[in-house]
1. Among the residues of region 128-156, write down those that are crowded, with 18+ Cβ neighbours inside 10 Å, of a type in the set (Gly, Ala, Ser) and either in contact (Cβ under 8 Å) with a residue 40 or more places away in the chain or out of contact with any helix residue (DSSP H, G or I) (no Cβ under 9 Å at 6 or more places or on another chain) (or both).
2. Kindly indicate whether residue 70 is within 15 Å of ligand 2 (Cβ to nearest atom), buried (at least 19 other Cβ atoms within 10 Å of the Cβ) and modelled with pLDDT of 95 or more.
3. Can you pull out every residue in region 255-281 that is assigned to a loop (DSSP other than H, G, I, E, B) and among the hydroxyl-bearing types (Ser, Thr, Tyr)?
4. Return yes or no: is residue 11 touching a residue at least 12 places away in the same chain (Cβ under 8 Å), under 21 Å from the mean Cα position of the chain (by Cα) and not in a helix (DSSP H, G or I)?
5. Would you point out the residue of region 144-162, among those that are out of contact with any Leu (no Cβ under 9 Å at 6 or more places or on another chain), farther than 11 Å from residue 118 by Cα and of a type outside the set (Phe, Trp, Tyr), that is nearest to ligand 2 (Cβ to nearest atom)?
6. Applying the selection to region 14-68, what residues are charged (D, E, K, R) and in a strand (DSSP E or B)?
7. For residue 23, all conditions in the list (1) within 28 Å of residue 68 (Cβ to Cβ); (2) surrounded by fewer than 16 Cβ atoms within 10 Å (Cβ to Cβ) hold save one; what is the number of the exception?
8. Only one of (1) modelled with pLDDT of 95 or more; (2) exposed (fewer than 14 other Cβ atoms within 10 Å of the Cβ); (3) over 30 Å from residue 172 (Cβ atoms) fails for residue 267. Which number is that?
Amino acid sequence: MDREEPLFYDEHFRQKRKHDKWEIVTAPHSFAPIADTHAHLDMLPDPGLSLARAGVHEVAFVETIVNPAEDDRTTFDELDGWLRDGELYVRKMGSLCCGQAPYRCPKVRIGYGVHPHDAKDYTDELEAAMEMRGRSDGRISAIGEIGLDYHYDLSARDEQREAFRRQLSLAKRLGLPVLLHMRDAHDEGFAILEEEGFPEAGTLLHCYTLDSHELARWVEAGCYVAFGGALTFKRSEEVREAAKLVPLDRLLTETDAPYMTPEPLRGTVCGAEHVVFTVERLAEVRGFAGDSAERRAFYQQLYDNAIRLLDRPQVAAKEGE
Ligand SMILES: [Zn+2]
Ligand SMILES: [Zn+2]
């Protein structure tokens with residue numbers, strides 16, 4: 001990721017050319033509202049700018065991830081400010097556009113969970129604080145990202161398993177769905193879910209980058225599966241094959257911004273707005289081409305899936321259990 005990348009305060013997407021020149025890339029058309037079900041807004045250089053750009057491209061919902069083992073404050077304190085900044089930016093951008101209905105920043109809700117990398121820092125106190133926030137801050141709509149990462153092994157595996165189990169039961173106590181991060185650990189991750197039971201509020205397997213063989217059991221277990229930038233990479237043929245097998249009502253899109261920038265913008269910083277490239281590719285993969293009613297319905301379905309899973313009112317938590 002190029003940290004020196006300049007910020008452009010408009011709605012265009014740009015590709016880097018030689019000699020620090022930036023060339024505008026035609027943006028995909030948005031056929032319906034779009035959701036980014038996994039972004040790290042707190043890692044972006046200007047979250048408000050990304051929200052504004054996303055809004056102009058009709059991204060209407062963003063789930064932003066907060067990892068309380070790393071930073072339990074910034075997003076909770078700053079999110080309203082990011083949205084205010086975004087509304088100011090979006091008004092300026094709107095005037096550059098074709099004068100349809102005014103653009104708005106997406107609605108943002110929060111996925112809240114200790115990443116497996118930080119499982120070593122999972123404590124009783126942290127869990128108690130998370131539970132309190134989960135019951136009191138209505139912006140939290142899921143527990144995650146949680147899971148196992150045996151690729152980097154930044155926490156010991158038994159600590160990862162323990163933090164994963166405990167956050168699964170936290171999610172159940174709060175009546176919230178879980179957002180899973182699984183890397184090189186799908187067997188154990190799946191076994192733990194079977195033992196503990198899949199949360200009734202839903203399970204989302206984030207950043208799917210494997211083949212259709214692995215996918216089968218997750219789909220059978222009723223999971224939602226989210227595809228990000230990897231779906232667009234040239235060598236990701238098997239990921240695209242897998243994307244064909246997810247039932248339409250459990251298929252989702254995401255960015256994992258600032259990582260995983262989709263083609264044709266690989267090598268630049270990813271924002272929530274980049275999800276439009278992934279949606280376009282996913283539509284292609286699922287056989288919805290051109291400007292058809294079926295294609296619009298497909299976009300709408302992806303969006304409805306995200307809202308159904310991640311934007312429901314927080315009932316269970318208010319009632320307590
Ligand atoms: Zn992840
Ligand atoms: Zn992530």
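1. Selection gives 134, 141, 142, 144, 147.
2. no
3. 255, 259, 261, 268, listed by residue number.
4. Taking the combined requirement at face value, the residue satisfies it.
5. 151
6. 14, 16, 23, 36, 63
7. Every listed condition holds for residue 23 apart from (1).
8. (1)
The values are calculated or read from the model by the stated rules, or taken from the named source; none is laboratory data. Here the structure is a predicted model, which is why all the values come from computation and not from measurement. No Cβ is skipped: glycine too gets one built from the backbone with ideal geometry, and neighbour counts run over all protein chains shown.
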